[in-house]
Amino acid sequence: MSSEVLLEVHEVSKRFRVQGRDLHAVEKVSFQLQRGQTFGLVGESGSGKSTLGRLVLKLLEATEGRIVYQGKDITRFTQKQMRPLRQEMQIIFQDPMASMSPRMTIGMAIEDAMIIHRIGTKEERQKRVDELLERVGLPREVKWAYPHELSGGQLQRVGIARALSLRPKLVICDEPISALDVSIQVQVIQLLRELQQDYDLTYIFISHNLAVVEYLSDVVAVLYLGEVVEQAPAEELFSRPTHPYTQVLIQSILKMPRSLEERQVLTPIQGEIPSPFDPPKGCPFHPRCPMAVDRCRTTKPERRLIGPNHAVACHLAT
Amino acid sequence: MVSQPLLSIEDLRVEFDRGEDTVYAVNGVSFSIAEGETLGIVGESGSGKSVTLMSAIGLIRENGRIRSGRALFQGTDLLKLSERQLEDIRGREIGVVFQDPMTSLNPVMRIGDQIMEAMLAHHFCSHREAFERTLQLLHEMGIPEPRARFRNYPHEFSGGMRQRIMMAIALACEPQLLIADEPTTALDVTVQMQILALLEEQRRKRNMAVAIITHDFGVATNFCDRIIVLYAGQIMEVADTGAFIRESAHPYTVGLKHSIIEIGHRAKPLKPIPGMAPTVTEMPRSCSFAPRCPLATERCRNELPQLREIGPGHWVACHRAEEVLADVI
Ligand SMILES: Nc1ncnc2c1ncn2[C@@H]1O[C@H](COP(=O)(O)OP(=O)(O)OP(=O)(O)O)[C@@H](O)[C@H]1O
Ligand SMILES: Nc1ncnc2c1ncn2[C@@H]1O[C@H](COP(=O)(O)OP(=O)(O)OP(=O)(O)O)[C@@H](O)[C@H]1O
Ligand code: SF4
Ligand code: SF4
Ligand SMILES: [Mg+2]
Ligand SMILES: [Mg+2]
């Protein structure tokens with residue numbers, strides 16, 4: 001594996017102006033991603049995962065911070081400057097149907113991106129469609145089918161084939177398996193892994209399923225109200241979760257017990273996610289934190305290293 | 001726990017017209033729910049979970065029909081009742097929480113009015129009492145400032161809060177049975193935990209029976225007393241949760257268990273079930289799971305396995321259940 005840095009994100013923030021007020025969607029997020037690695041993003045709904053993904057792809061303009069792709073600062077790149085890079089950066093969505101025209105056959109949908117980027121002749125593109133379908137484990141006839149004729153799992157494979165059609169380097173997977181059955185999830189995860197190895201792909205994998213993120217990722221960041229509250233290599237993060245929020249997330253997962261005696265007591269976390277318009281003063285997690293002390297209500301904890309590559313934003317973390 | 005079955009479904013068969021085809025969505029399903037019991041119904045998408053429960057309470061799309069069966073609720077066959085009579089029971093004795101709260105809440109009606117309406121429509125109590133009870137329910141569901149929130153519309157709440165409002169509506173008339181169709185599937189784990197804890201508390205307080213549909217074995221095993229596994233509109237396995245956890249005897253159940261990725265599984269190789277769940281367009285005459293089953297034999301492809309009891313209250317529809325129990329896969 002090469003150790004080439006593909007992507008650097010420096011203190012990136014995004015604020016949306018909504019009805020005259022600032023919504024803090026992403027706050028000062030930083031990470032570095034090596035080629036061939038997977039960066040996992042977890043956090044509750046509204047924590048800023050998709051926004052961060054879109055910032056990296058420059059589908060959104062960052063309010064602050066810098067995005068460096070293969071050594072080039074692309075933060076202020078115009079759409080025209082981005083064009084050649086677009087092919088290299090692809091996205092897979094939770095709902096592949098939403099990004100497909102109901103009147104296009106699957107074959108056309110996969111070919112479409114190649115046409116837009118003026119790649120190959122008609123025959124070459126057709127051949128590539130066949131290859132891609134085979135690669136993602138779909139029968140060739142699917143080419144002639146329409147989106148509504150496929151199952152969710154099949155459609156997600158089509159979504160993956162489309163993303164691969166342009167031979168990308170970086171693929172953002174935004175909840176690609178959340179709508180699928182566990183049995184199909186496992187098939188898609190396996191496929192994503194194989195493709196990563198075969199094509200040296202770099203992934204940003206977004207999901208609120210922590211176990212799947214742990215399974216696939218090299219490094220994981222936990223987002224809360226747009227901020228990274230903890231970031232560490234996957235094994236470290238899940239074996240030594242240190243931020244109280246990470247701990248709450250992990251404790252909230254209902255695992256299948258090994259006997260009736262080991263069943264989990266249902267212990268809910270208090271409170272709701274605060275409004276992103278008006279994040280709490282001090283530590284953004286303090287209104288829900290079971291360990292909060294006075295200092296947490298007034299002083300915002302800085303992110304700091306508590307171990308090799310293990311960063312936590314909590315006053316009490318050691 | 002020995003108690004009366006509250007709802008007893010017998011040999012239910014439901015089919016739909018789809019173009020030229022007939023979809024056999026539910027193929028001879030029988031089970032019962034006891035008073036105060038929590039029953040989990042699991043299975044992949046399309047296995048017939050929703051159609052089974054919804055058709056039993058008279059909710060069925062117009063391209064569908066019930067071919068046969070009975071759904072005895074406290075002795076009355078729901079499948080023989082008129083729409084009026086069913087409406088009296090649904091929302092009164094049987095509460096229902098649908099999967100997508102946005103489509104089942106009225107977007108232009110204040111949520112407080114919607115909860116009150118649930119009580120007033122069934123003449124459950126007076127207007128005054130319905131108002132007080134609505135505030136009480138909102139409070140019990142963990143919605144802060146009920147009096148202020150009463151006036152809000154559904155879009156002014158988060159997904160988890162809308163799901164709790166749905167629960168308030170379903171619980172408003174103190175039903176004996178609550179049917180919850182994937183009440184937490186779209187929600188964050190933290191919100192899922194809040195909702196399940198609330199459900200558990202309400203269930204205990206009122207000795208209410210709960211039938212919960214879920215994809216999630218973690219939810220089913222931690223929350224339910226008994227679990228039914230559906231596939232292709234048929235029951236593959238029924239077991240008390242303890243037996244379900246330790247002694248699952250159907251290759252499909254085992255396959256689903258192997259598909260679960262949990263924290264700490266990083267180094268574990270994945271073992272997916274090959275293929276996907278079918279849409280059943282022919283009456284099953286052999287084992288529906290055979291095309292995906294690692295143990296399938298000639299017999300499986302020729303002979304429909306019947307549900308049989310292999311332990312107390314533990315039923316399995318598989319020719320080779322004993323071998324599965326003995327850990328061949
Ligand atoms: N275009 C936009 N305009 C205004 N606010 C937005 C916009 N896009 C996102 N937001 C807000 O930014 C915050 C982060 O949203 P985002 O979609 O990134 O969250 P997420 O973590 O992906 O959530 P989910 O798990 O629900 O997909 C939310 O409060 C959201 O409402
Ligand atoms: N109105 C309908 N017309 C035709 N087929 C239908 C209809 N409703 C359901 N079906 C079919 O009946 C079968 C069972 O559907 P059902 O909705 O009960 O599945 P489910 O187990 O609830 O799945 P999910 O987990 O996706 O909700 C499926 O094959 C489905 O396609
Ligand atoms: S800083 Fe305080 S409130 Fe914030 S997570 Fe740490 S202990 Fe909790
Ligand atoms: S009957 Fe045969 S095919 Fe069906 S589940 Fe059992 S072993 Fe598998
Ligand atoms: Mg998102
Ligand atoms: Mg359903």
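Side notes on the structure shown:
- Cα long-axis angle, helix B:189-206 against chain B (0 to 90 degrees, to the nearest 10): 80
- The aspartates and glutamates within cross-link reach of B:Lys205, meaning a Cα-to-Cα straight distance under 14 Å and a gap of 8 or more places when in the same chain, are B:Glu35, B:Glu37, B:Glu140, B:Glu174.
- Translational diffusion coefficient (Stokes-Einstein; Kirkwood radius from C-alpha pairs) of chain A at 4 °C, 1.567 mPa s, in µm²/s: 62
- Cβ-derived FRET efficiency at R0 56 Å, B:His265 paired with A:Asp130, nearest 0.05: 0.95
- Here A:Lys127 is the anchor, and the aspartates and glutamates within straight C-alpha reach of less than 13 Å, apart from those fewer than 8 places off in the same chain, are A:Glu111.
- Antiparallel content of DSSP bridges confined to chain A, in %, to 5: 60
- Counted by neighbouring Cβ atoms within 10 Å, the residues B:Arg133, A:Arg258 run from fewest to most as A:Arg258, B:Arg133.
- Between the beta carbons of A:Glu8 and A:Leu316, assuming R0 = 35 Å, the FRET efficiency works out to 0.70 to the nearest 0.05.
- Summed over qualifying helices (DSSP H, 4 residues or more, each -39500 (n - 2.57)) and divided by its residue number, chain B shows a 222 nm mean residue ellipticity of -9500 deg cm²/dmol.
- Fluctuation leader among A:Val265, A:Val293, A:Val29 - chain A, Gaussian network, Cα springs under 10 angstrom: A:Val265
- Angle between chain B longest axis and helix B:127-140 axis [Cα atoms, degrees, rounded to 10]: 50
- Comparing B:Ile261, B:Ile165, B:Ile179 in a Gaussian network model of chain B where C-alpha atoms under 10 Å apart are linked, the largest mean-square fluctuation is found at B:Ile261.
- Angle in degrees between helix B:111-121 and the longest Cα principal axis of chain B, rounded to the nearest 10: 80
- Qualifying GluC sites (Glu not before Pro) in region B:63-100, where qualification requires a DSSP coil assignment and no more than 15 other C-beta atoms within 10 Å, are lacking entirely.
- Within-14-Å neighbourhood charge of B:Leu7 [Cβ basis; K, R +1; D, E -1]: -2
- Per DSSP, loop trypsin sites (Lys or Arg not before Pro) in region A:92-129 with at most 11 further Cβ within 10 Å: A:Arg103, A:Arg118
- Our Cα-only numbers for region A:102-166 put the radius of gyration and Dmax at 10.7, 31 Å.
- Expressed as a fraction of 2.2 N^0.38 Å, the value expected for a compact globular protein of N residues, the C-alpha radius of gyration of the protein assembly as shown is 1.00.
- Hydrodynamic analysis of chain B uses the Kirkwood radius over alpha carbon pairs. Inserted into Stokes-Einstein at 25 °C and 0.890 mPa s, it gives a translational diffusion coefficient of 117 µm²/s.
- Positive-end ranking of B:Asn222, B:Ala56, B:Tyr24 along the dipole of chain B, with charges on Cβ about the Cα centre, is headed by B:Asn222.
- Ellipticity estimate at 222 nm from DSSP helix runs (n ≥ 4, -39,500 (n - 2.57)) divided over chain A, nearest 500: -9000 deg cm²/dmol
- Simple label model, 7 Å out from Cα along Cβ direction - B:Glu145 to A:Tyr199, nm: 4.9
- Cβ-to-Cβ counts within 10 Å put A:Ile110, B:Ile94 in ascending order as B:Ile94, A:Ile110, the fewest first.
- Shown for A:Leu155, A:Leu260, B:Leu39: other C-beta atoms within 10 Å of each C-beta, ranked fewest to most, produce the order A:Leu260, A:Leu155, B:Leu39.
- Kirkwood radius and radius of gyration were both taken over the C-alpha atoms of region B:1-77, and their ratio Rg/Rh is 1.01.
Only the coordinates and a few stated rules stand behind these numbers; no lab work does. What you see is a predicted model; the values in this text were computed from it and never measured. Every residue, glycine as well, gets a Cβ built from its backbone with ideal geometry; the counts of neighbours run over all protein chains shown.
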